[in-house]
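Student: To start, I am sharing the structure in question, which I have written as structure tokens.
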Amino acid sequence: MWRSVLTLFGSVCFLGCGLCWAETPTVVEAPHKKLIELGWDIPDTAFLRQNYEKMEQTTPFDGVIYELAQVAKRDGQEPQKQSSQWLWDATPWDRATFQPAIDDLKSCAFKQFTDNFIRINFSPATVAWNDDAGWKTITQKVALCAWVAKASGCTKGVAPDFESYGSELFRYHPDSGLSFQDTVAIARQRGAEFVTAIASEHPDAVVLCLWMNSINASAGRSDTPDAILESAGYGLLPAFINGMLDAAPTTMRFVDGCENGYYYDGEEAYARSALDMLLWTSPAMRLVAPENRTKYRTQVQAGFGFYLDMYSNPKGNDYYREAHEGETRFDRMVANLDAALSASDEYVWVYGEKYRWWMAESSEKPEFSPEPESVLWQAFFPGLSDAFWAIKDPRIAGKRALQTLLEAGQAVNLLKNPDFSESTSDGKEPLNWGNWQHEEVSHGTFGWEKRENGGVAVTRNVENGCFIQAVEVQPSERYAVTTTAQIIGHGRPKLAVRWQKSDSTWCCEDRDVTFVSEPRDTADAPNALEANAVEQKYMMTGYVKVPAGAEKMVLLLSIDHQRAETDRCAFENAAVYRIPR
């Protein structure tokens, strides 16, 4: 239920966002859900240039939060590292110093990492709120980061981390000589300057904040929020965010990355948090100035942070997530990441400290902070990347799992008569396969044809129907499913998976899944719905996990939109493979 409610809510919010951005109303598709990597293995641009291909090949991410860092050499001074992770001071930067970073990024022909971000830390935070000269230098450096992001051609924007690694910038200090309200006013001005600097170079940037107002939800639930914010560690952050909204162009998007997502457990917790970030009556919205609430609603997305170490730390650690009864900690981790991604509008950033996602290809040791162990997350959690792919894109997960099983010689097809080589005694239908069509709209036929190396299951003039076979399964098992279909004329083949109890009654309807067909032979194949006697082969592949309570997996080789007896669909080579744990 929560997933359905939130999906609808997120779609409405994002549609509103699209209507706001465009001068005339347009239809905007909901964004694809994305996993973004951040950790103690944070790369710089040189590391990306040297290793990006392997990084994409071996991890399930859609992008990475990287460090923008170069060594500045000034006459008469020792070389000094300048880093976006240590930006918030009055030391000026020179743009020419960072041209090599742009060159690094332009050399990366990213295919999978479509959403990359420059990490900006608000550290060491040695510039006072009322230091105009210091803030001018800071905003120049922020604009430089946005310049690199835009010029790189492969960076969506910046990822601000408001956490106090140095001085507590966002805590009000009574000894500053300023009242709380005066400090709030200055903080709002600085927030506007921060976003103006980004917009000057990258007006369509995505600003993926590791948190926004979600960090101050308790104040948002109060009738007197200032009374809480005045002594809170991030009590000035809502004012800074209001300034960001004041200056934001309509082309800019913000993400509340809700680092508190580290601690959530279960679908309801993530769904409630997303509503707390975005509803008009939510705690986060109550911290937004009334004049900015429409802009907040239309330009801010709900996201989550996800902390891998919660599931790898030993018991007794402060950051430890126990498994639920009847499952492993790995299962708990995967279920919670699934819940986080489902509740998010678009982004979940995955954070890890103890282990790494990648190693350097070159002999140079990358300058990671402080020395994570030389163990890959994928080695500590076997099957981790495949599990993440299954959450993010079950079609790709199915293809990866199928390839692995075939290469290892472990692919055992659980279907009966999967190649349709046998027929019923009358030779009219494939053996062991049932069929169904919608009686009110469909008046087609199901049949079988012999082939040299097997056979095919054939439909003609079926507006809405399918071939069916059930396989006995157990909860938590994982399967790769696949089939191909040859189309002549109109029609769109699909592969669907549904669930039943042992007595063949339907169950777990909210876990039904459908894999839409893709042209197998060419990316430019004609649309099967519009084709006219054009022959084209399609492939459907996917990855599923058996939900609790299910005892049968029902495979449906589906076809719809056939219009005449000349419209023909021939299914072949169906398969259900169990994926070993």
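Student: Being within 23 Å of residue 120 (Cα to Cα), open to solvent by 10 Å² or more (accessible area, probe 1.4 Å) and assigned to a helix (DSSP H, G or I): is that true of residue 234 here? Break it down stepwise before answering.
Tutor: On the way: within 23 Å of residue 120 (Cα to Cα): yes; open to solvent by 10 Å² or more (accessible area, probe 1.4 Å): yes; assigned to a helix (DSSP H, G or I): no.
Answer is no for this residue.
Student: Can you tell me which residue within the stretch 69-83, out of those that are closer than 17 Å to residue 103 by Cβ and of a type in the set (Gly, Ala, Ser), is surrounded by the most Cβ atoms within 10 Å (Cβ to Cβ)?
Tutor: In this case the residue turns out to be 69.
Student: What residue, of 424, 445, is β-branched (Val, Ile, Thr), open to solvent by 60 Å² or more (accessible area, probe 1.4 Å) and touching a residue at least 12 places away in the same chain (Cβ under 8 Å)?
Tutor: Values: 424 fails: open to solvent by 60 Å² or more (accessible area, probe 1.4 Å).
Residue meeting the stated conditions: 445.
Student: With the requirement that a residue be touching a helix residue (DSSP H, G or I) at 6+ places or on another chain (Cβ under 7 Å), over 13 Å from residue 88 (Cβ atoms) and either open to solvent by less than 10 Å² (accessible area, probe 1.4 Å) or not basic (Lys, Arg) (or both), what does the stretch 119-157 give you?
Tutor: Once the filter is applied, which keeps residues that are touching a helix residue (DSSP H, G or I) at 6+ places or on another chain (Cβ under 7 Å), over 13 Å from residue 88 (Cβ atoms) and either open to solvent by less than 10 Å² (accessible area, probe 1.4 Å) or not basic (Lys, Arg) (or both), the stretch 119-157 yields 130, 143, 144, 146, 147, 148, 151, 152, 153, 154, 155, 157.
Student: Considering every residue within the stretch 273-290, establish whether at least one is of a type in the set (Asp, Glu), in contact (Cβ under 8 Å) with a residue 60 or more places away in the chain and either closer than 26 Å to residue 183 by Cα or in a helix (DSSP H, G or I) (or both).
Tutor: Checked against the condition, which is being of a type in the set (Asp, Glu), in contact (Cβ under 8 Å) with a residue 60 or more places away in the chain and either closer than 26 Å to residue 183 by Cα or in a helix (DSSP H, G or I) (or both), the stretch 273-290 yields at least one hit.
Student: Checking residue 333 against (1) farther than 19 Å from residue 215 by Cα; (2) without any contact (Cβ under 8 Å) to a residue 12 or more places away in the chain: exactly one of these is not met. Which one?
Tutor: (2)
Student: Separate question: Please count how many residues of the stretch 305-331 are of a type in the set (Asp, Glu) and surrounded by 11 or more Cβ atoms within 10 Å (Cβ to Cβ).
Tutor: First, the residues of the stretch 305-331 that are of a type in the set (Asp, Glu): 309, 318, 322, 325, 327, 331.
Checking the rest, the ones that are also surrounded by 11 or more Cβ atoms within 10 Å (Cβ to Cβ) come to 309, 322, 327, 331.
Residues in the stretch 305-331 being of a type in the set (Asp, Glu) and surrounded by 11 or more Cβ atoms within 10 Å (Cβ to Cβ): 4 in total.
Student: Okay, moving on. Does the stretch 474-484 contain at least one residue that is open to solvent by less than 10 Å² (accessible area, probe 1.4 Å) and free of Cβ contacts under 8 Å to residues at least 40 places away in the same chain? Before the answer, list the steps.
Tutor: Residues of the stretch 474-484 that are open to solvent by less than 10 Å² (accessible area, probe 1.4 Å), as a first pass: 479-481, 483-484.
Of the ones still in play, those that are also free of Cβ contacts under 8 Å to residues at least 40 places away in the same chain are none.
No, the stretch 474-484 contains no residue that is open to solvent by less than 10 Å² (accessible area, probe 1.4 Å) and free of Cβ contacts under 8 Å to residues at least 40 places away in the same chain.
Student: Moving on. Can you tell me which condition residue 434 does not meet? The list is (1) touching a residue at least 12 places away in the same chain (Cβ under 8 Å); (2) within 36 Å of the chain's Cα centre (by Cα), and all the others hold.
Tutor: So residue 434 meets the others, but not (2).
Student: Please work out if residue 261 is closer than 28 Å to residue 149 by Cβ, open to solvent by less than 10 Å² (accessible area, probe 1.4 Å) and part of a helix (DSSP H, G or I). Even if it seems obvious, please write down each step before you answer.
Tutor: Working: closer than 28 Å to residue 149 by Cβ: yes; open to solvent by less than 10 Å² (accessible area, probe 1.4 Å): yes; part of a helix (DSSP H, G or I): yes.
The answer is yes for residue 261.
Student: So which residues in the stretch 213-231 are in a loop (DSSP other than H, G, I, E, B) and of a type in the set (Gly, Ala, Ser)? Quick ask: steps written out before the conclusion?
Tutor: Step one: filter the stretch 213-231 for residues in a loop (DSSP other than H, G, I, E, B), giving 221-224, 230-231.
Matches in the stretch 213-231: 222, 231.
Student: Can you name the condition, by its number, that residue 297 falls short on among (1) surrounded by 21 or more Cβ atoms within 10 Å (Cβ to Cβ); (2) over 19 Å from residue 376 (Cβ atoms); (3) in contact (Cβ under 8 Å) with a residue 60 or more places away in the chain?
Tutor: Single failed check for residue 297: (1).
Student: Would you check if there is a residue in the stretch 5-22 being part of a helix (DSSP H, G or I), at pLDDT 95 or above and surrounded by fewer than 16 Cβ atoms within 10 Å (Cβ to Cβ)?
Tutor: Within the stretch 5-22, the subset part of a helix (DSSP H, G or I) is 5-21.
Narrowing further to those that are at pLDDT 95 or above: none.
Within the stretch 5-22, not a single residue is part of a helix (DSSP H, G or I), at pLDDT 95 or above and surrounded by fewer than 16 Cβ atoms within 10 Å (Cβ to Cβ).
Student: Considering only residues that are closer than 18 Å to residue 260 by Cβ and in a strand (DSSP E or B), look in the stretch 343-360 and name the one that is most open to solvent (accessible area, probe 1.4 Å).
Tutor: 351
Student: Here's another thing I want to ask about it. Quick one: count up the residues across the stretch 505-554 that are among the hydroxyl-bearing types (Ser, Thr, Tyr), modelled with pLDDT of 90 or more and touching a strand residue (DSSP E or B) at 6+ places or on another chain (Cβ under 7 Å).
Tutor: Step one: list which residues in the stretch 505-554 are among the hydroxyl-bearing types (Ser, Thr, Tyr), which gives 505, 514, 517, 522, 538, 541, 543.
Right, trim to modelled with pLDDT of 90 or more and you get 505, 514, 538, 541, 543.
Narrowing further to those that are touching a strand residue (DSSP E or B) at 6+ places or on another chain (Cβ under 7 Å): 514, 538, 541, 543.
Qualifying residue count, the stretch 505-554: 4.
Student: Looking only at the stretch 184-205, decide whether some residue is surrounded by 23 or more Cβ atoms within 10 Å (Cβ to Cβ) and not in a helix (DSSP H, G or I).
Tutor: Yes, the conditions are met somewhere in the stretch 184-205.
The values are calculated or read from the model by the stated rules, or taken from the named source; none is laboratory data. The shown structure was predicted, so the numbers you read here are calculated from the model rather than taken from an experiment. Cβ sites come from the backbone with ideal geometry, for glycine too, and all protein chains shown count toward neighbours. We work out accessible area using only protein heavy atoms, side chains counted, and drop any ligands, DNA or RNA first. Shrake-Rupley method; radii C 1.70, N 1.55, O 1.52, S 1.80 Å.
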